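After the structure tokens below, expect a handful of questions from me.
The values are calculated or read from the model by the stated rules, or taken from the named source; none is laboratory data. Nothing here was measured: the structure is a model prediction, and the numbers come from that model. Backbone-built Cβ (ideal geometry, glycine too); neighbour counts: all protein chains shown. Protein only, heavy atoms only, side chains kept; ligands, DNA and RNA dropped before computing areas. Shrake-Rupley method; radii C 1.70, N 1.55, O 1.52, S 1.80 Å.
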Amino acid sequence: MNRAQLLRQTAERLVTRRDALRAALAGDERLLKTLNEEGVGDEVDLALASEQSELSSQMAAVESRELAKVERALERIRDGKYGRCETCEKAIAPLRLKYVPYATECIVCARREERREDATTGYRPVNRVAAYRTDESEPSLDEAELEIG
């Protein structure tokens, strides 16, 4: 598989995901509107409606952040910058792009940023794999692009 085919397939996946996220956000918005407009019967109904509204609002926030990342990746494809780390300009590993097609940073830079955030928030991951840190460099898109297929 050559680079052009890889980019075309990735763009198709991203467009499909973008459309799904837009539909989900529209549904979340309708649900929130419905929950706010409906009359509430008793205290139990109010508690359930409040909980449902909070969950829907949180899901909409997550979906909205992912949608922004997907749109950014599509923009980078159009600009010819897709597959390069925004921080260090090195190639992002093809395997990372396969599973996180909207990644804008290589794994080294992403981990460095997570450690920086962890230090400021005091977060300590429970999962040992999540806490694993390495400074190994990743193979470039050109070196490993055929391994994705």
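Just to be sure, is Thr120 at pLDDT 90 or above and either in a loop (DSSP other than H, G, I, E, B) or exposed (fewer than 13 other Cβ atoms within 10 Å of the Cβ) (or both)? I'd like the intermediate steps shown before the answer.
Numbers: at pLDDT 90 or above: no; either in a loop (DSSP other than H, G, I, E, B) or exposed (fewer than 13 other Cβ atoms within 10 Å of the Cβ) (or both): yes.
For Thr120, the condition - at pLDDT 90 or above and either in a loop (DSSP other than H, G, I, E, B) or exposed (fewer than 13 other Cβ atoms within 10 Å of the Cβ) (or both) - is not met.
Name every residue in the range 1-49 that is open to solvent by 70 Å² or more (accessible area, probe 1.4 Å), among the polar types (S, T, N, Q) and either assigned to a helix (DSSP H, G or I) or modelled with pLDDT under 75 (or both), in order of residue number.
Result: Gln5, Gln9, Thr16, Asn36.
A further question follows. How many of the residues making up the range 70-110 are closer than 21 Å to Ala20 by Cα and in a helix (DSSP H, G or I)?
Adding up the residues that qualify gives 12.
Only one of (1) under 13 Å from the mean Cα position of the chain (by Cα); (2) closer than 30 Å to Arg30 by Cα; (3) touching a residue at least 24 places away in the same chain (Cβ under 8 Å) is not met by Ala61, so which one is it?
In the conditions (1) under 13 Å from the mean Cα position of the chain (by Cα); (2) closer than 30 Å to Arg30 by Cα; (3) touching a residue at least 24 places away in the same chain (Cβ under 8 Å), Ala61 misses (3) alone.
Sticking with this structure for a sec: For residues in the range 64-114 being open to solvent by 20 Å² or more (accessible area, probe 1.4 Å) and of a type in the set (Ser, Thr, Tyr), which is nearest to the chain's Cα centre (by Cα)?
Filtering the range 64-114 for residues that are open to solvent by 20 Å² or more (accessible area, probe 1.4 Å) and of a type in the set (Ser, Thr, Tyr), the one nearest to the chain's Cα centre (by Cα) comes out as Tyr102.
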